[in-house]
Amino acid sequence: MTRRPRSRLPPKLPDPAREAAPRAARGPSTRERLKTARVSGRSVAFGSTEIVSLMRRVARNDRAALLGCPAFEGITLAQVQSTMADVYGWDGDGPRPRIAGSRTVEGFTAASERVLEVASDGGRIAFATTCPASLFTVHRALAAAADAAGGKVFEAAESAPFDERSRDAARLRWLDRVAMVTDGHTLPGDARAPGLAAEELAFTIGHPDLVVADRTFAGHAIASGVEVVAFAGLDALALAVAAWRGLAVRVVPLDERRPPGAYEPLVELVDQLHPGA
């Protein structure tokens, strides 16, 4: 029997079983959403000159730049620059420094997994933020997830006053298991007395298995030898250097001063890691 040329064969009818289902429209990724909200990406607060100056101060072990971290013995400017590149993803180019969105997502995922690991083992965890107007929702989500996973999350009502010189004595207050500074009327962060606030926190919580914090709360916890998860903006570079030098700290690089809603992608990541927390 003579075979027909392929070009003369009748067209094949479509097979519904083999037809691929239409792809659902994909929204922006977590990394893209964080960049749009300016939690990552180019800094809106700092220029390159400011951050390069800070890098030099950290290399000199300037006390204010260390945010309570212990002095870094033998630190060099080249090592601080390497930290900036490795942790934040910025190698010094351009008029404004930046935080790579992938570093924020990777850092937050690793940090969250560590929080849940400690919690699942029944560990004691303390949460504190110096940036309640921005990072409180993220701390609260992690604290709730840690509690749901079986962790012993520290909580108190209020500490004793630690800054009697102020008109309204500052103290620590816990809201949804997260400590922050209050003067009884506002939540000023740690700007009023950063060292005193961090010392009061350390005195109040004792020696937990893990501290989740930012800025001076994180720096003083690192100095006390406690394992730390630290949220760190570009100007909190010392916390990243502590991690880069091998201390027990996991860093989440991000801008710490964005509106609360900007961090919603991170809160959603917590929900994905521990549904129902």
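The values are calculated or read from the model by the stated rules, or taken from the named source; none is laboratory data. Computed from a predicted model, the values in this text were never measured in an experiment. All Cβ positions, glycine included, derive from the backbone under ideal geometry; neighbour counts span all protein chains shown.
Looking only at the range 123-135, how many residues end up being under 14 Å from residue 254 (Cα atoms) and not in a loop (DSSP other than H, G, I, E, B)?
Total satisfying the criteria: 2.
Confirm whether residue 116 is at pLDDT below 95, aliphatic (A, V, I, L, M) and not in a loop (DSSP other than H, G, I, E, B).
Against the criterion (at pLDDT below 95, aliphatic (A, V, I, L, M) and not in a loop (DSSP other than H, G, I, E, B)), residue 116 does not qualify.
Looking at the range 236-258 only, could you name the residues that are over 16 Å from residue 104 (Cβ atoms) and surrounded by fewer than 24 Cβ atoms within 10 Å (Cβ to Cβ)?
The answer is 244, 245, 246, 247, 248.
Within the range 75-95, count every residue that is at negative phi and modelled with pLDDT under 95.
Matching residues across the range 75-95 total 3.
Could you check residue 93 against (1) assigned to a loop (DSSP other than H, G, I, E, B); (2) surrounded by 17 or more Cβ atoms within 10 Å (Cβ to Cβ); (3) free of Cβ contacts under 8 Å to residues at least 60 places away in the same chain and say which number it fails?
Here residue 93 meets the rest and fails (2).
Basic (Lys, Arg) and over 28 Å from residue 171 (Cα atoms): which single residue out of 114, 124 fits that description?
Answer to the check: 114.
Quick check on the range 70-90: of everything there that is hydroxyl-bearing (Ser, Thr, Tyr) and crowded, with 16+ Cβ neighbours inside 10 Å, which residue is nearest to residue 253 (Cα to Cα)?
Among those residues, the one meeting the criterion is 88.
Take the range 25-48 and flag every residue that is exposed (fewer than 11 other Cβ atoms within 10 Å of the Cβ) and either under 25 Å from residue 108 (Cβ atoms) or modelled with pLDDT of 95 or more (or both).
Correct list: 26, 27, 44.
If I ask for residues that are at pLDDT 95 or above and either within 13 Å of the chain's Cα centre (by Cα) or buried (at least 20 other Cβ atoms within 10 Å of the Cβ) (or both), which ones from the range 197-214 would you list?
Passing the criteria: 208, 210, 211, 212, 213, 214.
Whether any residue in the range 99-107 is assigned to a strand (DSSP E or B), under 13 Å from the mean Cα position of the chain (by Cα) and at pLDDT 95 or above is what I want to check.
Scanning the range 99-107, I find at least one residue that is assigned to a strand (DSSP E or B), under 13 Å from the mean Cα position of the chain (by Cα) and at pLDDT 95 or above, so the answer is yes.
Exactly one condition in (1) closer than 17 Å to residue 146 by Cβ; (2) touching a Leu at 6+ places or on another chain (Cβ under 9 Å) is not met by residue 250; state its number.
(2)
All but one of (1) within 12 Å of residue 210 (Cα to Cα); (2) surrounded by fewer than 19 Cβ atoms within 10 Å (Cβ to Cβ) hold for residue 133; state the number of the condition that does not hold.
(1) is the only condition that residue 133 fails.
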